[in-house]
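Notes follow the structure.
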Amino acid sequence: MAPQIVRTIAEARAALTPVRQAGRSIGLVPTMGALHEGHASLLRAARKETDFVVASIFVNPSQFGPNEDLSRYPRPFDKDLAVCAREATDLIFHPEPAEIYPAGFCTWVEVHGLQDRWEGATRPGHFRGVATVVLKLFNIVQPHIAYFGQKDAQQTRILEQMVRDLNVPLEMRICPTVREADGLALSSRNQYLDAEERRHATVLYQALDEVRQAYARGEKDAGRLAERVRTKVSATPGARLDYVAFVDRDSLLPMDTLDSPCLVALAVFMGSTRLIDNLPLP
Ligand code: AMP
């Protein structure tokens, strides 16, 4: 059956209230659309585990910086609808920006500390926009379980903290990163890459894989592992390292020696397109 599409909060509530009253569990997959296999894997996880699957498709203006790609971010709604239908999604919430941010909107969610590092340092205000829109989606949909991708590791960490700090009554599920056959993590932004950039974009995965292998052989020194990543990226045509970070999974603060659970995260410009990826160690 084709998913029901709703564009207003009132319609979403009208569709969801009977579901909740019938005692059925609700799964939410928040997205910005341009859906790919990564998103589909979240929809499938929700389909398996909950009775009623909601996908939100909203290119959230407040998480884009002034010089970012808000206006050119892809919005292929018909294709997205087909993906949702294929994955047996029940409801698509697809609001206009003014529905989410009406005139006079002035309340923001900030997850201090966590929001300022790494992606937050390069993209000031980004996580404030993410946390705010996700909390609004949680309040609108009131899911029992919400699904996110490990691909955006800092985002998931921040949202988990928000859920804990603000007592949001739901469970978070973090699903594994889905990759192309050559290792490139699926991303809606991959379509900005030209053929040459696409070919070389595997450097993110290859650098992470090299770290994983060195770590498995016993290398625990973050400085030396970072040097391997820098060398690999600088040898790749068109690639420029924004950052590579070896961080504690909880605090996201840098680690010198990887003697407890760690996350390796990196951001690389391929031409003008900025790509991110990460790997939990061990
Ligand atoms: P986005 O539409 O980029 O905001 O992403 C929506 C959700 O899909 C987020 O929870 C992302 O972490 C997740 N996601 C994006 N790419 C992937 C991927 N390659 N594998 C798994 N999840 C992903």
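The values are calculated or read from the model by the stated rules, or taken from the named source; none is laboratory data. For clarity, every value in this text was computed on a predicted model and none was experimentally measured. A quick note on method: Cβ atoms are made from the backbone with ideal geometry, for glycine too, and the neighbour counts reach across all protein chains shown. SASA here: full protein model, heavy atoms, side chains in, ligands and nucleic acids out. Shrake-Rupley method; radii C 1.70, N 1.55, O 1.52, S 1.80 Å.
A Gaussian network model of the chain, with springs between Cα atoms under 10 Å, assigns the largest mean-square fluctuation among R173, R189, R217 to R217.
Ranking F77, F64 from most to least accessible surface, computed with a 1.4 Å probe over the protein chains only, gives F77, F64.
Plainly put, the range 135-178 has a radius of gyration that is 0.96 times its Kirkwood radius, both from alpha-carbon atoms, as the Rg/Rh ratio.
Rounded to the nearest 10 degrees, the angle from helix 77-86 to the longest Cα principal axis of the chain is 80 degrees. Karplus-derived 3J(HN,Hα) values for the range 257-270, using 6.51 cos²θ - 1.76 cosθ + 1.60 with θ = phi - 60°, are 10, 8, 9, 8, x, 9, 10, 9, 10, 9, 10, 9, 7, 10 Hz; glycine and proline are entered as x.
The angle separating the long axis of helix 9-21 from the principal Cα axis of greatest extent in the chain is about 80 degrees. Of the residues A40, A15, A195, which exhibits the maximal mean-square fluctuation in a Gaussian network model of the chain defined by a 10 Å Cα contact cut-off? Looking only at A40, A15, A195, the largest GNM fluctuation is found for A195.
Could you run the Debye sum over the Cα atoms of the range 105-229, one equal point scatterer each and no solvent, and tell me log10 of I(q)/I(0) at q = 0.12, 0.18, 0.20 Å⁻¹, two decimals? Log10 of I(q)/I(0), two decimals: -0.62, -1.12, -1.20. The alpha-carbon atoms of the range 1-81 define a convex hull whose volume equals 115 cubic angstrom per residue. Label zone of L166 (point 7 Å out along Cα→Cβ, amide N under 17 Å): in the range 96-121 this covers 100-102, 105-116. Entry note, the chain: relative contact order of 17 percent, from Cα contacts under 8 Å with a spacing of 6+ residues. Projected onto its three principal axes, the C-alpha set of the chain covers 56, 40, 39 Å, listed from the longest axis down. The slack between A235 and R249, meaning 0.36 nm per residue of separation minus the straight C-alpha distance, is 2.2 nm. Between the Cα long axis of helix 153-165 and the first principal axis of the chain there is an angle of about 50°, rounded to the nearest 10. On the range 57-103, 57 percent of the accessible area sits on carbon and sulfur atoms, based on a 1.4 Å probe. The dipole here belongs to the chain: it is taken about the Cα centre, uses +1 on the Cβ of Lys and Arg and -1 on the Cβ of Asp and Glu, and is about 260 debye. In this simple spin-label model, placing a label point 7 Å from the Cα along the Cα-to-Cβ direction at both F105 and K48 gives a separation of 3.4 nm. For the range 155-250, the share of accessible area belonging to carbon and sulfur comes to 45 percent (1.4 Å probe, ligands and nucleic acids excluded).
Stretching the chain fully between A98 and R179 yields a gain of 25.7 nm (0.36 nm per residue, less the alpha carbon separation). Projected onto planes of every orientation and averaged, the convex hull of the alpha-carbon atoms in the range 174-260 covers 6.7 nm².
Phi-derived couplings, Karplus 6.51 cos²θ - 1.76 cosθ + 1.60 at θ = phi - 60°, listed residue by residue for the range 58-73: 8, 7, 7, x, 6, 9, 9, x, x, 9, 9, 9, 3, 6, 9, 4 Hz, with x used for Gly and Pro.
In this simple spin-label approximation, F269 and T122 carry label points 7 Å from Cα along the Cα→Cβ vector, and these lie 1.0 nm apart. Taking all protein chains into account, the per residue accessible area for the chain stands at 46 Å² (1.4 Å probe). Across the range 210-282, the fraction of Cα-Cα pairs farther apart than 13 Å, rounded to a whole number, is 63%.
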